[in-house]
Amino acid sequence: MSQLVSRAISWLGGHDLVVLAGFLIVIGGSWMFIELTDEVREGTTQKFDETILRTLRHPDNPSRTIGPRWLAEMARDITALGGYAFLGLLVAAVAGFLWLDGKHAAMWYLLGAVVSGFLVMVALKTIINRPRPDVVPHLSAAISTSFPSGHSMMSAVVFLTLGGLLEQLAESRPLKFYFLSVALFLSLIVGASRVYMGVHYPTDVLAGWTGGLVWSTICVLLMRLLQRRAKIEKGL
């Protein structure tokens, strides 16, 4: 037992706090996603989900959202930030910049994280196969299945991956915090807009946020592992 504890302490001492926090996010987020999926499949969250969607609409006219009309228009603009067209163009533009700037490894990391995240999201949607909400009219086009929210998950994957890249380039802690905070904020408002538009249940969005955070964290940990190995090889 004492040897096991000593090894654990030695392992912890050999890794920085970012890596350790990343492992905790992956473990905790994966557990949360699995538990949420079980609850959704058993139907225990359905009443909560439907109540939230109805609360965001006028009781006498479910096609109208609560709040001023400009809020609904703003929600449409925000939800477009998580659309595949916008995210694809954003990733392509950043990848082009990284290629021209000679940062080929960063470009392949970005493309690998986003493409793999998209494939994971499609697989989860196909396996879980939850129907879209039908308790209120949709204010945005919805084609695929509902769980997890593709907009929420992919915006988290893209924005957090880009935020992680910028965080690596930043030297000061305030800048690092700023980049990651902006990435998180964009992911959050995109997901919230999907519920407001009536095309996703709140649990769909929560699962999308969780899945995107876990996947982007896995990619960051993999990147740090490769960087560490490269430094060791250079040192040898």
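Quick notes
- With a requirement of 3 or more residues that are of a type in the set (Val, Ile, Thr) and within 22 Å of Gly112 (Cβ to Cβ), the helices (runs of 4 or more DSSP H) lying completely within the range 128-236 that satisfy it span 150-169, 202-235.
- Count of the range 104-134 residues which are touching a Phe, Trp or Tyr at 6+ places or on another chain (Cβ under 9 Å) and among the β-branched types (Val, Ile, Thr): 2
- Those helices (runs of 4 or more DSSP H) of the range 1-101 in which at least 3 residues are at pLDDT below 90 and open to solvent by 100 Å² or more (accessible area, probe 1.4 Å), considering only elements entirely within it, cover 2-13, 17-42.
- Residue that is touching a residue at least 40 places away in the same chain (Cβ under 8 Å), open to solvent by less than 10 Å² (accessible area, probe 1.4 Å) and more than 30 Å from Glu73 (Cβ to Cβ), where the choices are Leu110, Leu165, Leu124: Leu110
- Yes/no for Ala142 being surrounded by 15 or more Cβ atoms within 10 Å (Cβ to Cβ), farther than 30 Å from Arg224 by Cα and in contact (Cβ under 8 Å) with a residue 40 or more places away in the chain: yes
- In the range 40-63, the residues that are free of Cβ contacts under 8 Å to residues at least 60 places away in the same chain form Cβ pairs under 7 Å with partners that are of a type in the set (Lys, Arg), at six or more places apart or across chains, as follows: His58/Arg64.
- Evaluated against (1) of a type in the set (Asp, Glu); (2) open to solvent by 50 Å² or more (accessible area, probe 1.4 Å); (3) in contact (Cβ under 8 Å) with a residue 40 or more places away in the chain, Asp204 falls short on exactly one condition, (2).
The values are calculated or read from the model by the stated rules, or taken from the named source; none is laboratory data. All of these numbers come straight from a predicted model, not from anything done at the bench. Neighbour counts are summed over all protein chains in view; Cβ atoms, including those assigned to glycine, are modelled from backbone coordinates with ideal geometry. SASA here: full protein model, heavy atoms, side chains in, ligands and nucleic acids out. Shrake-Rupley method; radii C 1.70, N 1.55, O 1.52, S 1.80 Å.
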